[in-house]
Structures are given as structure tokens and as C-alpha cells.
Amino acid sequence: MRKRWMRGLVVWGAVVGAAAGAGVGGAGLPAQAAPGPRSVAAAPVPRPAHAAPVPEADLAHHGSATLTGDRVDVRLVPVNHGPSAVPDATVRLRWSVPLAVRQELPDGCARAEERVVLCRTGALAVDGVGERITLRVLLAGAPPEVVLDLDTVWSGGAVDRHRENDRQRVLVLATGDPYAF
């Protein structure tokens, strides 16, 4: 059990590190340049005939977001519609405005960029609902509205051929009302 947990932690660290250092999504942070010249076309790596099939999953995220002043409260539940279980996954939450410098995020969530937080979903069984992720982020100001984009950035090695339902865009007005996604 400990080895499996540590492997997940190493993979989680790689996902957070890659997203934080890559300047993902043009959020105003510089991307790190790769050393040396880049290859224009890489040859595909053939899979051995005896290789196991790649597991498939269909992840989705459902929940709500509420904007009050400079605070956004998000509640989301990850869902796996199958056909394979997922040992762990990572959901990215990206805001249209910068986040405040200081954040108190729940366990399993980490700041990745000026406007981005990544959260672990944990294991998701086939046709399973994961544990609710609840977080509060503080914005750098008190905007009248914010756009929240959610998507899966890592799915535990499973392929998701139906990406439309794990990508959400929500306009959240500063009304104090929950906006569902």
C-alpha cells in the first residue's frame, strides 16, 4: 500500500512540476526553453505485439462555483463513466483573473501558476463517483465576474476519448449565487 501511495505522490509531483514549469496556457508566466534544437518530427514508438491494451476512462467533473467579493468557493465531484478504473487523476482549475499571492488550499490541491490550481481526484472506479473536492481561492481583486475553466490534465495512464465532458467553462457572477457545471 505504501509503495502505491508513494508512486502516486511521485506522479502527482511530476504533474504539478510540469504544469508549474511549462508556462501552460499562456497565463502570463514565461515558459521554460528546452535546451538544444528541437526535432521537427519524432518517429512513432511501436508498441510490442504482446503489450497490454491501454485502459480507457471517461472522466467528468460536476459541481458549482460561487463568487463573493474576492473569494471563489468551488465544490466539484469527479466522475468516471468507464470502461476502466482510474488509479488517480488531476483536475486543473483556471481562473480568468489572477489569484491572490497567498492561498490556503486543501490537501491534494496545489497552486501551479498565477491563475491555476491543480487538484488530485483520488482513485475513480468504473461508473464511480469520487470524493467531493471543496476549495476556496482568493482573487487578486474583487471582479464583477470570473470565468472558471476546468479540465482533466492527467488520468492515471488511461485514455479518455470523450474529452468534451471533462472540460467545463463557467461564468461566475459576483452575486453570491452558486453557478453549476
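Read-outs throughout are calculated quantities, based only on the coordinates presented, and are distinct from any laboratory measurement. Just so you know, these numbers come straight off a predicted model, no measurement behind them. All Cβ positions, glycine included, derive from the backbone under ideal geometry; neighbour counts span all protein chains shown.
Values for this structure:
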| item | result |
| --- | --- |
| Residue-span extension gain [GLU145 to VAL126] - 0.36 nm each, minus C-alpha spacing | 3.2 nm |
| Stretchable slack from VAL97 to THR134, in nm (0.36 nm times residue separation minus alpha-carbon distance) | 11.3 nm |
| Within-15-Å neighbourhood charge of ARG92 [Cβ basis; K, R +1; D, E -1] | 0 |
